[in-house]
Amino acid sequence: MDTVGPLTIVVGTGGRAAELPLDRIASTIAQNLFIYFGADVEILYDYEATATRLSGNVICLGMEDDNVFLADALRAYTVKNREFPIRAGSGGILVKDVDFQIKYKGNGVGAIYLHPLPREGLLLCICGTDLEGVERAARLFPYRTGAGQPDWIVVGPKMGIQGLQGVKAMGYYSNLWDIESDVSYLSYLDAT
């Protein structure tokens, strides 16, 4: 989706994020976007980013409890007085809908998912339970135009060995940002 302002990468600085090289991952994404698309990319830390300051689409790195901007964006979101269906915190990555609630946790678990922003902007969250999970999810960042990809993907440690079989869950949202169960895949193995 096109927006007026530049693409902004917001790097989490709290909690475990302070120990992870998220700024290195942000720099790699920004460099690739510039090389492949000539994209104007700005990198900010979460305490520098505010919804009023950002006029374009946003990529957030880190879990909700690591990234203040992401936590605020998720808190501000309500449709039908419900929380956003994907939540990523220190306890793991939670995928929920009216009919189910599954939490993926453990080493090497990561997620990449879209989230709406005001003024028809989009936020892409890239997070993980540890550095391995964040890096694995960051590898799924779509650098090619026209290549289809689900709206959200949760990956596990076996993805590096088994490829697609290492995906724990993936799918699409409805027009109201609910999980579209009919076109989504959820593994109940290793879930709590």
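For an R0 of 25 angstrom, estimate the FRET efficiency from the Cβ-Cβ distance between R75 and I161 and round to the nearest 0.05.
Plugging the Cβ-Cβ distance into 1/(1 + (r/R0)^6) gives 0.10.
Expressed as a rounded percentage, what relative contact order does the chain have, with Cα pairs under 8 Å and six or more residues apart? Could you put the intermediate results ahead of the total?
Details: 394 pairs, mean separation 34.0, N = 192.
Dividing the mean separation by the residue count of the chain yields 18 percent.
What's the local net charge at T13, with K and R +1, D and E -1, over the other residues with C-beta under 11 Å away?
-4
Treating the beta-carbon of each Lys and Arg as +1 and of each Asp and Glu as -1, no other charges, what is the dipole magnitude of the chain about its Cα centre, to the nearest 20 debye?
Magnitude of the dipole: close to 280 debye.
Say R0 is 30 Å: what FRET efficiency, to the nearest 0.05, do E19 and Y185 get from their beta-carbon distance?
Details: r = 32 Å, r/R0 = 1.06.
Rounded to the nearest 0.05, the efficiency is 0.40.
Pull out the extension gain between R53 and N107, defined as 0.36 nm times the separation in residues minus the alpha carbon to alpha carbon distance; nm, one decimal.
Once the chain is fully extended between R53 and N107, it gains 16.0 nm.
Counting only helical runs of four or more DSSP H residues, what would the 222 nm mean residue ellipticity of the chain come to if each run contributes -39,500 (n - 2.57) and the total is spread over all its residues?
That comes out to -5500 deg cm²/dmol.
Would you compute, for the Cα atoms of segment 7-186, the largest minus smallest coordinate along each principal axis and list the three values in descending order, in whole Å?
40, 39, 36
Using the number of other C-beta atoms within 10 angstrom as an exposure proxy, rank E135, E120 with the fewest first.
Ascending number of Cβ neighbours within 10 Å: E120, E135.
I want to check the label-to-label distance for T28 and R119. Put each point 7 Å from Cα in the C-beta direction and report it in nm to one decimal.
Each label point is offset 7 Å from its Cα along the Cβ direction, giving 3.1 nm.
Across segment 62-183, how many lysine pairs, 8 or more positions apart or on different chains, have C-alpha atoms separated by under 18 Å? Please give the number.
Lysine pairs, 8 or more places apart or on different chains, close enough: 8.
So if I place +1 on the C-beta of Lys and Arg and -1 on the C-beta of Asp and Glu, and nothing else carries charge, what would the dipole magnitude of segment 75-129 be about its Cα centre? I want it in debye, nearest 20.
160 debye
When D97, D66 are ordered from fewest to most other Cβ atoms inside 10 Å of their Cβ, what list results?
Numbers: D97 18, D66 27.
With the sparsest Cβ surroundings first, the list reads D97, D66.
Quickly rank 34-46, 53-65, 168-180 as a protection proxy: mean count of other C-beta atoms within 10 Å, highest first.
53-65, 168-180, 34-46
Read-outs throughout are calculated quantities, based only on the coordinates presented, and are distinct from any laboratory measurement. Predicted model, so just to flag it, every value in this text is computed and none were measured. Using ideal geometry, Cβ is built from the backbone for each residue, glycine included, and neighbour counts are taken over all protein chains shown.
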